[in-house]
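Undergrad: My questions all concern the structure below.
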Amino acid sequence: MRLSYRVKQGCMVETEEERDWVKQSLQGDDAAFAALVLRYQHMIYSVAYRMTGSLAEAEDLTQEAFVQAFRQLSSYRAEARFSSWLYRIALNQCLNWQKRRQRIEMLHTEWGRRQEMTSEPETQQTRLVQEALLKLNPKQRAAIILTTYDGLSHAQAARVLGCSETTVSWRVFAARAKLKRILGRQQKAKNDE
């Protein structure tokens, strides 16, 4: 049996039992609200999945819808069916999610355009240095990036890395020596070509 059929046949019809659960929930009965969640979780998940196309997002939005419903339960008016009220909350959650997603995508697109306009083309030397950095031991790489590229002092880098300042100094020294060897070999290979 299709979920949409079950929603139409069972979940959208309010019962006296549901009205009691709502009243009990308003009086602080968590078990009564849990019963409402169990009754409507498939319906809400179904709409969230159809609105997002993502299982993970649907799960998150379903949970957010029930949290919102719990917080706003005192604003529920019994003139409308509880299922309709809950359905509206879920739809609003999905629509807000869609707006947030569109804003984030727009910001990422704009940021990408700005980066393209302001960044200089990658030089051969920059590419060689990046390749050399990737050949370093990860701990040495982190130390050299934090101190040389990000401008942190050895003491600040030590706090970030969770080690002593002496260890950071040693890692930077070893990384510089290794970078010098790697870049020297790369330059020699380039000159031999």
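Since every read-out is calculated from the coordinates, none of them should be taken as a lab result. This one's a predicted model, so the numbers in the text were calculated from it and none came from an experiment.
Undergrad: Whose amide H sits under 5 Å from the amide H of TYR76, counting only residues 5 or more places off or on another chain, with H placed in the peptide plane?
TA: Correct list: empty.
Undergrad: Further, regarding this structure: List the pair-distance distribution P(r) of the chain, using every Cα-Cα distance, as the percent of pairs falling in each 10 Å bin from 0 up to the bin containing the longest distance, rounded to whole percents.
TA: Histogram of Cα-Cα distances, whole percents per bin: 8, 21, 16, 12, 13, 15, 11, 3, 0.
Undergrad: How much length is gained if the chain between GLN186 and SER153 is pulled fully straight, taking 0.36 nm per residue apart and subtracting their Cα-Cα distance, in nm to one decimal?
TA: Numbers: separation 33, 0.36 × 33 = 11.88 nm, distance 2.93 nm.
Taking GLN186 through SER153 to full extension adds about 8.9 nm, to one decimal.
Undergrad: For the chain, modelled as a Gaussian network with Cα springs under 10 Å, which listed residue fluctuates most, GLY162, GLY53, GLY112?
TA: GLY162
Undergrad: Under 29 Å between alpha carbons: how many lysine pairs meet that in the chain, if sequence neighbours fewer than 8 apart on the same chain are excluded?
TA: 14
Undergrad: Could you tell me how many degrees, from 0 to 90 and to the nearest 10, lie between the Cα long axis of helix 165-192 and the main elongation axis, the longest principal axis, of the Cα atoms of the chain?
TA: Between the helix axis and the principal axis of the chain, the angle is about 70 degrees.
Undergrad: Can you bin every Cα-Cα distance in segment 124-192 into 10 Å intervals starting at zero and give me the percent of pairs per bin, rounded to whole numbers?
TA: Once binned at 10 Å, the Cα pair distances of segment 124-192 give 23, 48, 22, 7, 1.
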